[in-house]
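The values are calculated or read from the model by the stated rules, or taken from the named source; none is laboratory data. All of these numbers come straight from a predicted model, not from anything done at the bench. Every residue, glycine among them, receives a Cβ derived from its backbone with ideal geometry; neighbour counts consider all protein chains shown. The area values use the complete protein model at the heavy-atom level, side chains included, leaving out ligands, DNA and RNA. Shrake-Rupley method; radii C 1.70, N 1.55, O 1.52, S 1.80 Å.
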Amino acid sequence: AEFQAKCLGRMERVGQEGRTVVFVSHNLEAVFRLCSRAAWLEQGSIAGLGPAPEVVDAYLAAQLRSAETEQARLDEQEGPVALRSVRVLDAAGRPATVTRRDRPFTVEVGFLVRTSVPGLDVGVHLYNLRGVEVLSEAWGDAVPDRQSEPGSYVARLEVPPLLNVGDYVVGVWIGTRYDTFVQETTLYRFRLEGDVRG
């Protein structure tokens, strides 16, 4: 982290001196902060080119559209574990795409285990719309004796009112120490409304 901060600081200073710097990264917040212009590469071709904020926003919008398509095809997943559903529930337990910032909410992940998977774990990640991970929690951190036999399961993560207003995206990882069965970063978008935290 110290080396990364040092490198980013140096690149920012070089850019301010008027020199051209080519910065290649998956860190959208760093691209947004360091670059005035950006190129979005998709499978070797330029999918977007222009001011960094516009390109980053277009990239994120495309990822969300892709996630909506993926959500509709969850039944096609193969392998020992398959994701079945992802949703956010408000403080009253109702499915929501908009909820209040000053109340807790729950992220609910439904999944199917087809064959016994010892050490199975589920991770939930929340990202802001710049792609910065703002929360990460694993089922195994709170539930040491998890079921891993065949069947349908639901893992729930209750998030206290600690995030600021704004749009967020839910990502899910399902796997073991040695295998990844599901890894999706943009599965469900929701918004927290209310007063901005100071």
- [ ] State, as an integer percentage, the relative contact order of the chain based on alpha-carbon contacts under 8 Å between residues 6 or more apart.
- [x] 19 percent
Task: In Hz, Karplus ³J(HN,Hα) per residue of the range 167-181 (6.51, -1.76, 1.60; θ = phi - 60°; x = Gly, Pro) - done: 9, 9, 10, 9, x, 9, 10, 10, x, 10, 4, 10, 9, 10, 9
Open item on the list: Cα atoms only: what Rg and Dmax, in Å, come out for the range 87-163?
Closed with: 13.9, 40
TODO: Scan around G48 for amide H atoms under 5 Å from its own, H built in the peptide plane at 1.01 Å from N, and keep only partners 5 or more places away or cross-chain.
DONE: W40
Open item on the list: Taking the 0 to 90 degree range and rounding to the nearest ten, how far is the long axis of helix 52-72 tilted relative to the main principal axis of the chain, both from C-alpha atoms?
Closed with: 20 degrees
Task: Apportionment of accessible area to carbon and sulfur, the range 116-196, percent (1.4 Å) - done: 46 percent
Open item on the list: What's the magnitude of the charge dipole for the range 140-198 around its Cα centre, counting Lys and Arg as +1 and Asp and Glu as -1 at the beta-carbon? Answer in Debye, nearest 20.
Closed with: 80 debye
Task: Whole-Hz couplings from phi, Karplus 6.51/-1.76/1.60, listed for the range 2-11; x for Gly and Pro - done: 5, 5, 4, 4, 5, 5, 5, x, 5, 5
